[in-house]
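Asker: Here it is, the structure, as structure tokens.
Nothing in this text is a laboratory measurement; each read-out follows from the coordinates by a stated rule. Note that the structure is predicted; figures quoted are calculated from it, not measured. Here the Cβ is made from the backbone with ideal geometry for all residues, glycine too, and neighbour counts use every protein chain on show.
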Amino acid sequence: MNPMLRMLTPPAALAQTNKNTMSPSIPSTQSRVILINRPTGDINPDITSGKGTFKLEKDVPVEQPKEGQALIKVEWSSIDPAMRGWLDDSRSYMPPVPLNSVMRAGTVGSIVALGSNTEGFSIGDHVSAYVGWQEYAVAPVAALQKIPTTLKGPEKALSVLGTVAQTAYWGLFDVAQLTSKDKVVVVSGAAGAVGSIAIQLAKLTGCEKVVGIAGGADKCRYVKEKLGADDCLDYKSASFKEDLKRLGFVDVYFDNVGGEILDLVMGQLAVHARIAFCGAISAYNSTGDHYALKNYVQLLMQKAKLHGFIIMDYVSRFGESLPKLSKWYSEGKLQLAEHKIEGGVEQCVDALCGLFTGVNTGKTMVHIAKN
């Protein structure tokens, strides 16, 4: 079990044994979304003709669990920018999603059937797993992470106490080595899931000036009024470059977008500045060469560091950060807007495309279960 969720799970719940093996109301078929074409540039959202990036399949038989397996009714699917990279057959930190297979995604759901030798799990348990865009999925119980009933909705395991919070935490405190002595902290993608948490963690650390970068007046208002940032710069504004210059030198930059904004911030790094390079959403749909950085020499001149990181490398350490994150959340010091999309698995493709047009604020997730 993931140590993050293990710590939230009461010991008594971990010791339960399965009392039932089958829920009485499991349908015989389901719908799912599979990857059929690797995109060049933007995702083609057509899921019906067979010409798009994905295809909606209906009336797919629901499998029954075998020994050591559980059948999960998927309730929520996480939608993350990194999923765009999983579609490309290129060198990356994890293999691409195979063609003609269910699209990979983090999900939460409830167990509706159990095979033999599945002690520790019961019908009705809420669990998280990477079972993807489908209404029902069979998975080995060893790959499931039980979600405690103390959370205010199982979907919280995908948002404020999920991987996005861990990404912000380790990116700031381990990669960027953030301390209260850092005067100016800048976070791009500040109205997104990871960026929202990063803004709040920097403020909780006591940094003198925490500034977000987001697109549009509404998002900038959210970053300042709801997340507590000292300022938020609108990258869509004609004055953005001048606004950024007025910040002065930047001690820590948490980057979610890459491209020109990364380059501009690199042009005004403080001595010994640190950049936690978390994402490059500006480049994920690019068909040509990526933006060529011009100010990289400042890494040398200012004795600064740019460090790319992948949160999967920190899974074994989630137990170190979870008590702090949970405490801040319970005290109301940590929050995350949830962009919840209804309509079932059919909405997943549009939801993913929406991340790249800026329609979301906070964490995007799709409600898969229809009843």
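Asker: Which loop GluC sites (Glu not before Pro) in region 32-89, with loop taken from DSSP, have no more than 16 other Cβ atoms within 10 angstrom of their Cβ? Walk me through the numbers on the way to the answer.
Answerer: On the way: sites: Glu57, Glu63, Glu67, Glu75; in loops: Glu63, Glu67.
Loop-located and lightly packed - Glu63, Glu67.
Asker: Also, I was wondering about something else. Out of all DSSP beta bridges with both ends in the chain, state the antiparallel percent to the nearest 5. The partial results should precede the final answer.
Answerer: Working: 32 of 58 bridges.
That works out to approximately 55 percent antiparallel.
Asker: Positive end of the charge dipole of the chain (Lys, Arg +1 and Asp, Glu -1 on Cβ, about the Cα centre): tell me which of Ser116, Ile275, Phe54 has its Cα farthest that way.
Answerer: So the residue we want is Ile275.
Asker: While we're on this one: Applying 1/(1 + (r/R0)^6) with R0 = 56 Å to the Cβ-Cβ distance of Thr40 and Lys333, what FRET efficiency is obtained, to the nearest 0.05? Kindly include the intermediate steps, with their values, before the conclusion.
Answerer: Values: r = 44 Å, r/R0 = 0.78.
The formula returns an efficiency of 0.80 here.
Asker: Would you mind ranking Glu242, Glu135, Glu320 so that the residue whose beta carbon has the fewest other beta carbons within 10 Å leads the list? Before the final figure, lay out the partial values.
Answerer: Working: Glu242 10, Glu135 21, Glu320 16.
The most exposed by this proxy come first: Glu242, Glu320, Glu135.
Asker: Please quote Rg/Rh for the chain to two decimal places, taking the Kirkwood radius as Rh and restricting both calculations to Cα atoms. Don't jump to the answer; show the numbers that get you there.
Answerer: On the way: Rg = 21.3 Å, Rh = 21.6 Å.
Rg/Rh: 0.99.
Asker: Sticking with this one: Which of the pairs Lys152/Lys340; Lys55/Lys219; Lys183/Lys305 have their Cα atoms more than 26 Å apart in this structure?
Answerer: Working: Lys152/Lys340 15 Å; Lys55/Lys219 32 Å; Lys183/Lys305 17 Å.
Lys55/Lys219, as the Cα separations exceed 26 Å there.
Asker: Compute the label zone of Gln177 within region 303-317: residues whose backbone N is under 11 Å from the point 7 Å along Cα-to-Cβ.
Answerer: Within reach of a label on Gln177, which here means backbone N under 11 Å from a point 7 Å along Cα→Cβ, region 303-317 contributes 304-305.
Asker: Using Cβ counts within 10 Å as a stand-in for footprinting exposure, how do Met266, Met365, Met83 rank, fewest first? Working shown, then result.
Answerer: Working: Met266 23, Met365 28, Met83 20.
Listing Met266, Met365, Met83 from fewest to most nearby Cβ atoms yields Met83, Met266, Met365.
Asker: Could you list Ser49, Ser122 in order of exposure, starting from the residue whose Cβ has the fewest other Cβ atoms within 10 Å?
Answerer: Details: Ser49 8, Ser122 18.
In increasing order of surrounding Cβ atoms, one gets Ser49, Ser122.
Asker: If each residue of separation counts as 0.36 nm, what is the full-extension length gain between Ser90 and Val271 once their alpha-carbon separation is subtracted? Walk me through the intermediate numbers first.
Answerer: Details: separation 181, 0.36 × 181 = 65.16 nm, distance 3.55 nm.
Extra length from Ser90 to Val271 when fully extended: 61.6 nm.
Asker: Run the helix sum for the chain: -39,500 (n - 2.57) per DSSP H stretch of 4+ residues, divided by residue count, reported at 222 nm to the nearest 500 deg cm²/dmol.
Answerer: Values: 11 runs with 84 residues, N = 371.
Using -39500 (n - 2.57) per qualifying helix, the result is -6000 deg cm²/dmol.
Asker: Would you kindly state how much longer the chain becomes between Tyr296 and Glu320 on full extension, computed as 0.36 nm times their sequence separation minus their alpha carbon distance, in nm to one decimal?
Answerer: On the way: separation 24, 0.36 × 24 = 8.64 nm, distance 3.36 nm.
So the extension gain works out to 5.3 nm.
Asker: I would also like to ask the following. Semi-axes of the equivalent ellipsoid of region 163-313: what are they in whole Å, largest first, if each equals the square root of 5 times a C-alpha gyration tensor eigenvalue? Present the calculation step by step, with values, prior to reporting the outcome.
Answerer: Numbers: eigenvalues 74, 65, 56 Å².
Sorted largest first and rounded, they come to 19, 18, 17 Å.
Asker: I've got another one for you. May I ask which residue of Cys207, Cys232, Tyr284 lies farthest towards the positive end of the charge dipole of region 163-313, with charges of +1 (Lys, Arg) and -1 (Asp, Glu) on Cβ and the Cα centre as origin?
Answerer: Going by the charge dipole, the pick is Cys207.
Asker: Compute, for the chain, the length of the dipole vector about the Cα centre, with Cβ point charges of +1 (Lys, Arg) and -1 (Asp, Glu) only. Units Debye, rounded to 20. Walk me through the numbers on the way to the answer.
Answerer: Numbers: 38 positive and 36 negative charges, 136 e Å.
With only Lys, Arg, Asp and Glu charged at Cβ, the dipole is about 660 debye.
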